[in-house]
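Asker: Starting off with a structure, shown below.
The values are calculated or read from the model by the stated rules, or taken from the named source; none is laboratory data. Quick caveat: nothing in here was measured; it's all calculated off a predicted structure. Neighbour counts run over all protein chains shown; Cβ positions are idealised from the backbone, glycine included. Heads up: the accessible areas ignore ligands, DNA and RNA and are worked out on the full protein's heavy atoms, side chains in. Shrake-Rupley method; radii C 1.70, N 1.55, O 1.52, S 1.80 Å.
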Amino acid sequence: MIFWSFTTIVKPILTYAAVAWWTKVTQRKAKTDLSKLQRLVCVGMTGAMSTRPTDALGIITVLRSSEELSSIFPLEKEEDLLRLEEAISPETQVKYVTAMKKILAPVGIKKGLPRILSEAIVEQYNLHGVKQKKRFKSSPKFYRALLDSIPDSASGDVEEQLRLALMAQKKNFHKKQYLKRKADSQENMKITNNNM
């Protein structure tokens, strides 16, 4: 009932003539007021305690836009992935897919994957959990959303595209690590030669 009230009454009132007043929302006071209203609606919809974080309530209640959801990427730690897996529901999946599509569409899965998953996560996981890695498929809601967000291409199977993108990201990570170690060892050799 609260969600219905918000979407059919409050939201149209707030957005009426937004073309005229939209610049006002860049001011701190307006942002604070709108955040308070959103929080009030979220708490009312979920029945959550008032100590719950606003962002979590916004995700649960699907009041966050896909642009706002884009800001949670790249996922830096395993905890971020697990938190996202819990947050994805049938009601929110479309928003997460849309957010990831906005990241991947301009550049494709191979170049866009590092904008969704950090090197640390990619280093810990692979699709099937082989070679002592964790399985992405163990997070089925995130995995399905990620597959659904991969832009269609002539390359065929999206799972294969994801596998190749993961391999490319790991290869780039290892190459960076190698070049860093090489530069460090060259620097150490220069210091050693200068001390002699």
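Asker: Expected output is a single nm value to one decimal: the length gained when fully extending between residue 37 and residue 192, i.e. 0.36 nm times separation in residues minus the C-alpha distance. What is it? Each step should come with its number before you reach the end.
Answerer: Numbers: separation 155, 0.36 × 155 = 55.80 nm, distance 6.32 nm.
This chain segment gains 49.5 nm when fully extended.
Asker: Further, regarding this structure: List the residues whose amide H sits under 5 Å from the amide H of residue 134, counting only those 5 or more places along or on another chain, with H placed 1.01 Å from N in the peptide plane.
Answerer: Hits under the 5 Å cutoff: 125, 126.
Asker: Working with all protein chains in place, sort 45, 189 by solvent-accessible area computed with a 1.4 Å probe, largest first. Spell out each step's value before the answer.
Answerer: On the way: 45 60, 189 120 Å².
Per-residue accessible area, sorted high to low, gives 189, 45.
Asker: So what does residue 187 come to for accessible area, using a 1.4 Å probe and Å² rounded to 10?
Answerer: 100
Asker: Keeping all protein chains in the complex and leaving out DNA, RNA and ligands, what accessible area do you get for residue 51 with a 1.4 Å probe, in Å² to the nearest 10?
Answerer: Around 120 Å² of this residue is reachable by solvent.
Asker: Once the Cβ-Cβ distance between residue 14 and residue 124 is put in as r, and R0 is 45 Å, what FRET efficiency do you end up with, to the nearest 0.05? Spell out each step's value before the answer.
Answerer: Working: r = 43 Å, r/R0 = 0.95.
So the FRET efficiency works out to roughly 0.60.
Asker: If packing is taken as the mean number of other Cβ atoms within 10 Å per residue, what is the order of 34-40, 71-77, 175-181, highest first? Show your work: numbers first, answer last.
Answerer: On the way: 34-40: 13.9, 71-77: 15.4, 175-181: 10.4.
Descending mean neighbour count gives 71-77, 34-40, 175-181.
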